[in-house]
1. Residue 43: within 22 Å of the chain's Cα centre (by Cα), assigned to a helix (DSSP H, G or I), surrounded by 12 or more Cβ atoms within 10 Å (Cβ to Cβ) and modelled with pLDDT under 95, yes or no?
2. Would you mind finding the one in 99, 171, 149 that is closer than 30 Å to residue 58 by Cβ, of a type outside the set (Phe, Trp, Tyr), surrounded by 15 or more Cβ atoms within 10 Å (Cβ to Cβ) and in contact (Cβ under 8 Å) with a residue 60 or more places away in the chain?
3. Among the helices (runs of 4 or more DSSP H) contained in the range 69-176, which hold 1 or more residues that are of a type in the set (Asp, Glu) and on the phi < 0 side of the Ramachandran plot?
4. Please work out which one of (1) within 22 Å of the chain's Cα centre (by Cα); (2) among the hydrophobic types (A, V, I, L, M, F, W, C); (3) surrounded by fewer than 16 Cβ atoms within 10 Å (Cβ to Cβ) is the condition residue 163 fails and give its number.
5. Residue under question is residue 83, and the condition is that it be hydrophobic (A, V, I, L, M, F, W, C), within 30 Å of residue 172 (Cβ to Cβ) and crowded, with 19+ Cβ neighbours inside 10 Å; does it hold?
6. Here are the criteria: (1) β-branched (Val, Ile, Thr); (2) surrounded by 14 or more Cβ atoms within 10 Å (Cβ to Cβ); (3) over 21 Å from the mean Cα position of the chain (by Cα). Tell me which single one residue 117 does not satisfy.
Amino acid sequence: METKSGWPLALKYALILAFATIAINLIFYLINPKSAGGTWSFIGIIQLLISFVASIYILYAATKVRRDQDLDGVISYGKSLGFMMQMALPAALIISFYTFIFFAYINPELLVKIWETQAEQMANSGKSDEEIEHTMKMAQLFNSPAAMTFFGAIGSMFQLFIFALIASIFTKKEPVTFE
């Protein structure tokens, strides 16, 4: 049995996964721009659930295509997970690039709102002005668009890894052996 490389299929579905995630985020941002402020709301939870379901479904669908068309209907849990991670890497890079564009150009004032909310929460918890100022300087280092892009890529990879662990349970199909 000769197997084809999984990269062309993985890249195709990585693009679908990335652009579906971006589209969901943009649609919900347009519906309710205030939901991007980092506070939990009903709309935010719905967005999160739709993103999770869409991501898991796309990972599942791509791996099912790979299993049925390229691997003669057989794929182990490990190979399924590996193929899904082939999709996750380019998808995470595209999503993190979108994150940079979003925070740098689409809604740069969102970072300022997040910093103000953090400072307000620290002031309400009794922190001194010096502590708040020091903490905010550190937070701004990690909350710049470039840092958010880097950490967003790592976070996306981790999230997609968890989704791949789940989806691989449903795509694995061991060969039938007769004894």
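The values are calculated or read from the model by the stated rules, or taken from the named source; none is laboratory data. Because the structure is a prediction, the values reported are computed rather than measured. Counting neighbours? That spans all protein chains shown, and the Cβs are built from the backbone with ideal geometry, glycine included.
1. Yes.
2. Matching residue, one of 99, 171, 149: 171.
3. 109-124, 129-142
4. Going through (1) within 22 Å of the chain's Cα centre (by Cα); (2) among the hydrophobic types (A, V, I, L, M, F, W, C); (3) surrounded by fewer than 16 Cβ atoms within 10 Å (Cβ to Cβ) one by one, residue 163 breaks only (3).
5. Yes; evaluated as a whole, the condition is true for this residue.
6. (2)
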